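First the structure, in the form of structure tokens, and then the observations on it.
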Amino acid sequence: MKMLESIRQVKTNSGDIPSLVAAYEKIGKGNAALSIKQCSNVILSKQCQNHLEHQSIQIQYCKNRFCPICTVHRSYMLGAQLKTVVDEVAQISKGHWLFLTLTIKNVYPEELGDAVGHMMKSWQRLSQRKQVRSVLQGWFRGMEVTFNERDHTFHPHFHVLIYVRHSYFTGKYYLKQDTWAALWKESLQVDYTPIVDIRRVKSRSGDEKDILGAVLEVTKYPMKFESIESVIAHEHFDSFESAMFRRRSIAFGGMLKKSLHRVKQDHPDSIEQEPEDHASECKVCGGTLSTNFVLWNDSVKMYQSYS
């Protein structure tokens, strides 16, 4: 199975897993360490012998924010959700996609938690400003946090996918980059001008109808934790984990949020979602599904089947 091979490669090649387990044990969170260590070790597969193409797979993920396996899984799920939403928005509306990056000054480890909380509130203030509300049709917001090894500081920032009205570039509502920076400064309530970047999303082909690939690029940002080994090595994992604990690093708003909710309700099979149950009968013929357990063998770095 292609899915199992992808997971096997992550479990075999990722050096983050052992160091992450050790980091959680060091800060006294043994349960989290054990969950990461056991992530995706057990896979339950059910299949109808008469319809082999209909297979139900349930993987036991640990769902930890920093787990490399769950990161890949979440990125896939998020990409599927955004693809569905973008497709629907393109059918019901004409507009443009913008990519907005909002930053703050680097902060020290002990300041990270407060900084992240402040940024979340500042985004709310920004999105409710009249100038922004007049152009903002919908948005997807992801937070990325990078680590600077040189001065041991963190750099939290937002990557925001924005959908604006079709007349944005020609009408009176157009906002220059300097205006976005000024609005973000006011929303942050700081005495410096933060770095802000706003640009139009364009496909590689230059065809606006072929925009999906470029739009989906935004999904990689809130999923990236490539600095985790460096954070652990410099003994700042406790501050990092504490600052990001139970934070909503991604969010949908406006037209995109409504579209996602509508698609989930009207066409649940068209969008990837976590399975809520595990069927015992084939959806096609009603026949009984055969059960197969696939377990990870760490000594040989392979999945082994137990029917």
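The string of couplings for segment 32-42 from the Karplus curve (6.51, -1.76, 1.60, θ = phi - 60°) is 5, 4, 5, 4, 5, 4, 9, 4, 6, 6, 10 Hz, one whole number per residue in order, with x for Gly and Pro. Of the residues Met119, Met255, the one with the largest accessible area comes first in the ranking Met255, Met119, computed with a 1.4 Å probe on protein heavy atoms.
Quick check: with the 1.4 Å probe, what order do Cys48, Cys285 take by accessible area, largest first?
Greatest to least solvent exposure: Cys285, Cys48.
Modelled spin labels at Gln38 and His152, positioned 7 Å past Cα toward Cβ, are 3.6 nm from each other. Annotation for segment 107-153: GluC sites (Glu not before Pro) lying in DSSP loop with at most 13 further Cβ atoms inside 10 Å of their Cβ are Glu149. Taking label points 7 Å from Cα along the Cα-to-Cβ direction, Tyr76 and Thr12 give a separation of 1.7 nm. The modelled label-to-label distance for the pair Thr179/Ser305, using points 7 Å beyond Cα in the direction of Cβ, is 6.1 nm.
Selection among Thr84, Cys67, Gln38 by position relative to the dipole of segment 1-130 gives Thr84 as farthest towards the positive end (Cβ unit charges, Cα centre).
Report the charge-dipole magnitude of segment 23-90 in Debye, nearest 20, computed about the Cα centre from +1 at each Lys and Arg Cβ and -1 at each Asp and Glu Cβ.
400 debye
Note on Tyr174: accessible area approximately 100 square angstrom, rounded to 10, probe 1.4 Å, nucleic acids and ligands left out.
The values are calculated or read from the model by the stated rules, or taken from the named source; none is laboratory data. Not measured: the values here are computed from a predicted model. When we count neighbours, we look across all protein chains shown, and the Cβ atoms used for this are built from the backbone with ideal geometry, even at glycine. Side chains are part of the model used for accessible areas, which takes the heavy atoms of the whole protein and leaves out ligands, DNA and RNA. Shrake-Rupley method; radii C 1.70, N 1.55, O 1.52, S 1.80 Å.
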